[in-house]
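Report on the structure given below.
Every read-out reported here was derived from the displayed coordinates using simple, explicitly stated rules and does not represent laboratory data. Owing to the predicted nature of the structure, the values given are computational and were not obtained by experimental measurement. No Cβ is skipped: glycine too gets one built from the backbone with ideal geometry, and neighbour counts run over all protein chains shown.
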Amino acid sequence: MLVPVVRIGLISDTHGLLRPEATAFLAGCAHIVHAGDVGNRDILDKLAAIAPLSAVRGNNDTDVWAADLMPTILLTVGSVRIYAIHDLAQLDIDPCTAGIRVVVSGHSHNPKVREEGGVLYVNPGSAGPRRFKLPVSIGELLIDGNSVVARLATL
């Protein structure tokens, strides 16, 4: 039986701004991961209307609406384990030892994909207000069995 590729949308640092280009990019995702600094509950509601949503609390998510957001989440898609945290500098586990294939983070607003020790580290950058000269960006994971490919897109 052929298993279809699963598309996971990655977004971070919206800081209260959900651009129409971001919602268009995320359309059709099987799941969305928000890596923190959401900005307000309305962002979460709009993303959850697109696809099932997992979100972590960022350092700026301090209001009452963010109380239910955890600092980290672990999501399993098929056999692929995805760990999300807002600030990668606060990672206090060894992803490889924990069997995690992908670590998704935000905070820096700098989009980046790197692989180290069999773990894919993905920061989709900031999809919210532009910061400095960094691009406004978003990302996705394409999961095909045990294979994972990360792709970033500029909005």
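Based on this model, can you work out whether VAL80 counts as within 16 Å of ALA35 (Cβ to Cβ) and aliphatic (A, V, I, L, M)?
No: the conditions fail for VAL80.
Looking at (1) more than 25 Å from ALA89 (Cα to Cα); (2) surrounded by 18 or more Cβ atoms within 10 Å (Cβ to Cβ), can you tell me which one ALA48 breaks?
Answer for ALA48: the failing condition is (2).
Considering the stretch 39-87 alone, what residues qualify as being within 19 Å of GLY139 (Cα to Cα) and β-branched (Val, Ile, Thr)?
ILE43, ILE50, VAL56, THR72, ILE73, THR76, VAL77, VAL80, ILE82, ILE85
Pull up the stretch 1-17, narrow it to residues that are crowded, with 22+ Cβ neighbours inside 10 Å and not β-branched (Val, Ile, Thr), then point me to the one that is nearest to ALA51 (Cα to Cα).
Checking each candidate, the answer is GLY9.
So for the stretch 82-94 (the condition being in contact with a helix residue (DSSP H, G or I) (Cβ under 8 Å, 6 or more places away or on another chain) and of a type in the set (A, V, I, L, M)), does at least one residue qualify?
no
Evaluate the following for VAL122: is it touching a Lys or Arg at 6+ places or on another chain (Cβ under 8 Å), part of a strand (DSSP E or B) and either in contact (Cβ under 8 Å) with a residue 24 or more places away in the chain or closer than 25 Å to THR14 by Cβ (or both)?
Considered against the rule, which asks whether it is touching a Lys or Arg at 6+ places or on another chain (Cβ under 8 Å), part of a strand (DSSP E or B) and either in contact (Cβ under 8 Å) with a residue 24 or more places away in the chain or closer than 25 Å to THR14 by Cβ (or both), VAL122 comes out as yes.
Applying the selection to the stretch 88-105, what residues are touching a strand residue (DSSP E or B) at 6+ places or on another chain (Cβ under 6 Å) and surrounded by 16 or more Cβ atoms within 10 Å (Cβ to Cβ)?
Selection gives PRO95, ILE100, ARG101, VAL102, VAL103, VAL104, SER105.
Out of the residues in the stretch 137-153 that are more than 17 Å from HIS31 (Cβ to Cβ) and within 12 Å of the chain's Cα centre (by Cα), which is surrounded by the most Cβ atoms within 10 Å (Cβ to Cβ)?
SER137
Only one of ARG114, ARG131 is basic (Lys, Arg) and either in a strand (DSSP E or B) or closer than 19 Å to VAL33 by Cα (or both); which?
Matching residue, one of ARG114, ARG131: ARG114.
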